[in-house]
Amino acid sequence: MIALTNNQNLPFDSEQFKKDAQAILKHLGYDDFDLGILITDNKSIHAFNSTYREKDKPTDILSFPFYPELKAGQRIEPETEDDKNLGDIIISPEYVKADLERWEQTFEQRMRVLLVHGICHLLGYDHIKDEDYEVMKIKEAELLALLS
């Protein structure tokens, strides 16, 4: 189940975003897993970023995986129904809107990119090393193509 909470004021199509998330999870074979999505403002994401990453600033997205030791491409094998959880992502549309020019994307396109990016992080993908980033980019392109 996808639990989406939208506690910010910018126009945002929560239902389509939820449908996109569900399509991604179905494609990945995790359609019976839980995913939490918080759509919030810069003040709130700033607090999360400061608390959990020790970065005193807002950001566009944060990901909190249920399986933090999962490696990219590794399959989750839940032992119980309660283990069917991917984790949570937090996105600030306020930050996204302010940062759009840099990406040359529409707001909707950028939000989809961030949804895909966040889910990839929940599945063990990262971009700390260049070679890991290349693997992540391939998975992101696959998932974004699914949504086009």
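What follows draws every value from the coordinates through simple rules; no lab data is involved. Predicted model only: the values in this text are computed from it and were never measured. Cβ sites come from the backbone with ideal geometry, for glycine too, and all protein chains shown count toward neighbours.
The table that follows gives values for the structure above.
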| quantity | calculated |
| --- | --- |
| Residues Phe107 and Glu81, FRET efficiency given R0 of 35 Å [Cβ-Cβ distance, rounded to 0.05] | 0.45 |
| Loop-located trypsin sites (Lys or Arg not before Pro) in the range 77-148, at most 11 other Cβ atoms within 10 Å (DSSP) | Lys129 |
| J(HN,Hα) series, the range 2-11, from Karplus relation 6.51 cos²θ - 1.76 cosθ + 1.60, nearest Hz, glycine and proline x | 9, 9, 10, 10, 10, 10, 10, 9, 6, x |
| Long-range HN-HN contacts of Asp88 with modeled amide H, under 5 Å | Gly36, Phe64, Phe66 |
| For Glu94, net neighbour charge (Lys/Arg +1, Asp/Glu -1) across residues whose Cβ lies under 11 Å away | -1 |
| Over the chain: helical MRE at 222 nm, DSSP H runs n ≥ 4 each giving -39500 (n - 2.57), nearest 500 | -15000 deg cm²/dmol |
| Glu15-Asp56 pseudo-label distance in nm [points 7 Å out on the Cα-to-Cβ vector] | 4.4 nm |
| Rel. contact order, % - alpha carbon contacts under 8 angstrom, at least six apart, the range 2-147 | 26 percent |
| Cβ-based exposure ranking for Leu62, Leu86, in which fewest neighbours within 10 Å come first | Leu62, Leu86 |
| Cβ-defined net charge surrounding Ile37, 14 Å radius [Lys, Arg +1; Asp, Glu -1] | -3 |
| Spacing of the two label points (7 Å from each Cα toward its C-beta) at Gln74 and Leu146, in nm | 2.0 nm |
| Entries in Lys19/Lys55; Lys18/Lys139; Lys43/Lys129; Lys18/Lys43; Lys55/Lys84 that, when Cα-Cα distance is taken, lie over 28 Å | Lys19/Lys55; Lys43/Lys129; Lys55/Lys84 |
| Beta bridge orientation in the chain: antiparallel %, DSSP, nearest 5 | 30 percent |
| Whole-number D in µm² s⁻¹ for the chain, Kirkwood Cα-pair radius fed into Stokes-Einstein, 4 °C, 1.567 mPa s | 83 µm²/s |
| Taking Ser92, Ser14 and counting other C-beta atoms within 10 Å, the order from fewest to most | Ser14, Ser92 |
| Under 12 Å, Cβ to Cβ, from Ser63 - net charge with Lys/Arg +1 and Asp/Glu -1 | -2 |
| Under the Karplus curve 6.51 cos²θ - 1.76 cosθ + 1.60, θ = phi - 60°, whole-Hz ³J(HN,Hα) for the range 72-88, x wherever Gly or Pro sits | 3, x, 6, 8, 7, 10, x, 8, 9, 4, 5, 7, 7, 9, 8, x, 10 |
